[in-house]
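I have placed the structure first, in the form of structure tokens, so that the comments after it can refer back to it.
The values are calculated or read from the model by the stated rules, or taken from the named source; none is laboratory data. All figures in this text were calculated on a predicted structure; none of them were measured in a lab. Here the Cβ positions follow ideal geometry from the backbone for every residue, glycine too, while neighbour counts run over all protein chains shown.
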Amino acid sequence: MMPQIMNGPMHPRPLVALLDGRDCTVEMPILKDLATVAFCDAQSTQEIHEKVLNEAVGAMMYHTITLTRDDLEKFKALRIIVRIGSGYDNIDIKAAGEQGIAVSNIPSAAIEETADSTLCHILNLYRRNTWLYQVLREGTCVQSVEQIREVASGAARIRGETLGLIGFGRSGQAVAVRAKAFGFNVIFYDPYIQDGLERTLGVQRVFTLQDLLYQSDCVSLHCNLNEHNHHLINDFTIKQMRQGAFLVNSARGGLVDEKALSQALREGRIRGAALDVHESEPFSFNQGPLKDAPNLICTPHTAWYSEQASLEMREAAATEIRRAITGRIPENLRNCVNKDLFIVAPPWAIMDQQVLPDVNAHFSTSPHPRSSPVDPGD
């Protein structure tokens, strides 16, 4: 159902809300001359303030809450959602499009950080630093060669190992470059990438998931989550992996069936796994199928984070909101992911110079000094 207020012109000073955070110090300078910026700090959609549901024209959000069709229908004035990050599987973009709500993301978000974190996980699995640290924290004395062999059992040489990347977008490519420097042979599977990229980066392309799983000593996931690849790594695909292979996931938790992974770790079919993302977040070792699973490293969905990346993402998100307010929706948006899902072009979608003439004139000639230095479309 189309929110009724959307048939009219945009309010001269629209409300923009940060749904699942409370720090707006980066966004405020970019938007304060044309919008009121507020925060909800919601831990669930039930905590989104009624004023935001009734009046917010723009919304920014991280990965910590999910907007379903039912949730989206509660917004009465919403026209644009910007996901502060690259993934948008926590937003029903089809339902949003049907309601005339544009959804944008930041596709260049935290590529370097995610790739660096992924390599840290991979190196940790091979060199077992986390487990060796824990040995010392527990007070174990390691002195003799026999003791070293015992506590470092499972540590492996990296050079010559095959790293298989499922998904070869920006993150996957960044991981490939780093992994090659450590001596990995890198292969990838991605049916959506153009031919020739493998020659440019000096890696090998395989054309089926089965081939990648069969050839890889370590498998790392770098693809978005959608209805076609939920539980891509499951009991069946794990059985196609090499005995004793490693698994790394810094993409989306829903790509891995954690129950199947736990069983494979207990049986030794997978030698070790490192997960930054989880089926249920926030993750806890005290519950769920991975409780007490051996040879497992987990981090709390932080592979993307650095102060620099966070700043760039927030600036890019606020700038995209600004484009929506001062231009056309979705035409003026840099990274709209559901443009093709708009059922019709609603009459309010054309936000021309007559809506906010002073602001539009200023924006077209003098970009805000705090706008993102990084092109979110790179």
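Just a few scattered comments:
- Residues being in contact with a helix residue (DSSP H, G or I) (Cβ under 7 Å, 6 or more places away or on another chain) and over 21 Å from Tyr126 (Cα atoms) are entirely absent from the stretch 243-255.
- For the stretch 124-143, the set of residues classified as over 15 Å from Gly154 (Cα atoms) and in contact with an Asp or Glu (Cβ under 9 Å, 6 or more places away or on another chain) consists of Val142 only.
- When the test is whether a residue is in contact with a helix residue (DSSP H, G or I) (Cβ under 7 Å, 6 or more places away or on another chain) and crowded, with 18+ Cβ neighbours inside 10 Å, Leu201 does not pass it.
- Just one of the listed residues (Gly244, Gly253) is surrounded by fewer than 15 Cβ atoms within 10 Å (Cβ to Cβ) and either of a type outside the set (A, V, I, L, M, F, W, C) or at pLDDT below 95 (or both), namely Gly244.
- Among the residues of the stretch 44-64, those that are more than 25 Å from Arg323 (Cβ to Cβ), in a helix (DSSP H, G or I) and not acidic (Asp, Glu) comprise Thr45, Gln46.
- Within the stretch 94-119, the residues that satisfy the criterion of being of a type outside the set (S, T, N, Q), assigned to a helix (DSSP H, G or I) and in contact with a helix residue (DSSP H, G or I) (Cβ under 6 Å, 6 or more places away or on another chain) are Lys94, Ala95, Ala96, Gly97, Ile111, Glu113, Ala115, Leu119.
- Residue ID - surrounded by the fewest Cβ atoms within 10 Å (Cβ to Cβ), chosen from residues in the stretch 120-139 that are out of contact with any helix residue (DSSP H, G or I) (no Cβ under 7 Å at 6 or more places or on another chain) and among the hydroxyl-bearing types (Ser, Thr, Tyr): Tyr133
- Any chance Gln287 is without any contact (Cβ under 8 Å) to a residue 60 or more places away in the chain, over 17 Å from the mean Cα position of the chain (by Cα), over 30 Å from Lys94 (Cβ atoms) and assigned to a loop (DSSP other than H, G, I, E, B): yes
- Near pairs, Cβ below 7 angstrom, 6+ apart or cross-chain, from the stretch 165-176 (assigned by TED's automatic domain parsing to the domain that holds Thr118 and closer than 15 Å to Ser117 by Cβ) to any residue that is of a type in the set (Asp, Glu) and part of a helix (DSSP H, G or I): Ala174/Glu112
- Of the residues making up the stretch 189-248, those that are among the hydroxyl-bearing types (Ser, Thr, Tyr) and part of a loop (DSSP other than H, G, I, E, B) are Tyr192, Thr208, Ser216.
- Positions within the stretch 11-27 being surrounded by 15 or more Cβ atoms within 10 Å (Cβ to Cβ) and either without any contact (Cβ under 8 Å) to a residue 24 or more places away in the chain or not assigned by TED's automatic domain parsing to the domain that holds Arg323 (or both), in sequence order: Cys24
- Among residues of the stretch 30-59 being within 27 Å of the chain's Cα centre (by Cα) and hydroxyl-bearing (Ser, Thr, Tyr), the one that is surrounded by the fewest Cβ atoms within 10 Å (Cβ to Cβ) is Ser44.
- Condition met for Arg178 (farther than 26 Å from Ala303 by Cα and assigned to a helix (DSSP H, G or I)): no
- Answer residue from the stretch 268-282, given it is small (Gly, Ala, Ser) and touching a helix residue (DSSP H, G or I) at 6+ places or on another chain (Cβ under 9 Å) and is surrounded by the fewest Cβ atoms within 10 Å (Cβ to Cβ) among those: Ser280
- Residue within the stretch 71-83 that is loosely packed, with under 15 Cβ neighbours inside 10 Å, without any contact (Cβ under 8 Å) to a residue 40 or more places away in the chain and part of a helix (DSSP H, G or I) present: no
- Matching entry among Leu221, Leu213, Leu265 (being closer than 25 Å to Ile93 by Cβ and crowded, with 18+ Cβ neighbours inside 10 Å): Leu221
- Annotation note: of Thr66, Thr25, the sole residue that is under 29 Å from Val277 (Cβ atoms), at pLDDT 95 or above and within 20 Å of the chain's Cα centre (by Cα) is Thr66.
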